[in-house]
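**Student:** Below are the structure tokens for one structure; questions will follow.
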Amino acid sequence: MTDLTMNLPTEIVERAVRDKINAAIAEQLGDPQEMITKLVANALSQQVSSNGTVSRSNYDNRFEFLDLVAGNFMRDAAKEALHEFFDENKKAIKEAVKKEVLKSPSKMAKIFMDGITDSMSSVYTPKVEITFQTHND
């Protein structure tokens with residue numbers, strides 16, 4: 001038998017082996033775009049806890065990540081829209097509340113007295129301070 005000896009620099013051999021390994025991995029992975037699409041779909045459908053993290057307990061992982069994030073975003077946007085609406089209409093709301101209170105002062109007094117009575121029946125000692133301000137218009 002004849003021994004075949006080749007004196008190739010180590011760098012050339014390492015580069016050739018690395019290129020072959022990379023090519024084999026790329027071939028096994030298939031289309032990169034398809035793989036990315038699958039990874040994104042899996043990440044978005046991942047079951048997570050209410051704070052958006054994967055819990056050790058399957059019981060806590062009751063939400064799909066996409067549903068949780070979208071729901072939180074929608075609630076935040078709705079809160080923001082409502083705050084804007086109420087800020088823009090603050091004066092009108094204030095006037096409507098005043099009119100409603102003036103319509104039935106006895107109802108307002110009843111609500112006030114019920115609140116005082118309920119707090120008096122508490123096991124804690126209530127402290128009630130009532131002050132009246134005069135408005136000089």
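**Student:** For the chain, what mean projected area does the convex hull of the alpha carbons give, in nm²?
**Tutor:** Here the figure is 23.9 nm², rounded to one decimal.
**Student:** Related question: Helix 105-120: angle to the longest alpha-carbon principal axis of the chain, degrees 0 to 90, nearest 10?
**Tutor:** Approximately 70 degrees, to the nearest 10.
**Student:** Note down the nm distance, to one decimal, between modelled labels 7 Å out along Cα→Cβ at residue 11 and at residue 56.
**Tutor:** 5.0 nm
**Student:** Moving on. From largest to smallest, what semi-axes in whole angstrom does segment 10-90 give when each is the square root of 5 times an eigenvalue of its alpha carbon gyration tensor?
**Tutor:** 47, 18, 11
**Student:** Follow-up question, since we're still on this one. Going through segment 49-96, which trypsin sites (Lys or Arg not before Pro) have at most 11 other Cβ atoms within 10 Å and a DSSP loop state?
**Tutor:** On the way: sites: 56, 62, 75, 79, 90, 91, 94; in loops: 56, 62.
Answer by residue number: 56.
**Student:** Can you tell me which lysines have their Cα less than 17 Å from the Cα of residue 107? Leave out same-chain residues fewer than eight positions away.
**Tutor:** Straight-distance partners of residue 107: 98, 99.
**Student:** Compare the Cα positions of 46, 13, 78 along the charge dipole of the chain (+1 at Cβ of Lys, Arg; -1 at Cβ of Asp, Glu; about the Cα centre) and return the one farthest towards the positive end.
**Tutor:** So the residue furthest toward the plus end is 78.
**Student:** Once you place label points 7 Å from the Cα toward the Cβ at residue 72 and residue 39, how far apart are they in nm?
**Tutor:** 2.3 nm
**Student:** Here is a follow-up. In percent, how large is the relative contact order of the chain, given Cα pairs closer than 8 Å and 6 or more residues apart?
**Tutor:** 10 percent
Every number here is computed from the coordinates shown, using simple stated rules; none is lab data. No experiment lies behind these values; they were computed from the predicted model shown. Heads up, the Cβs are rebuilt from the backbone with ideal geometry, glycines too, and the neighbour counts pull from every protein chain shown.
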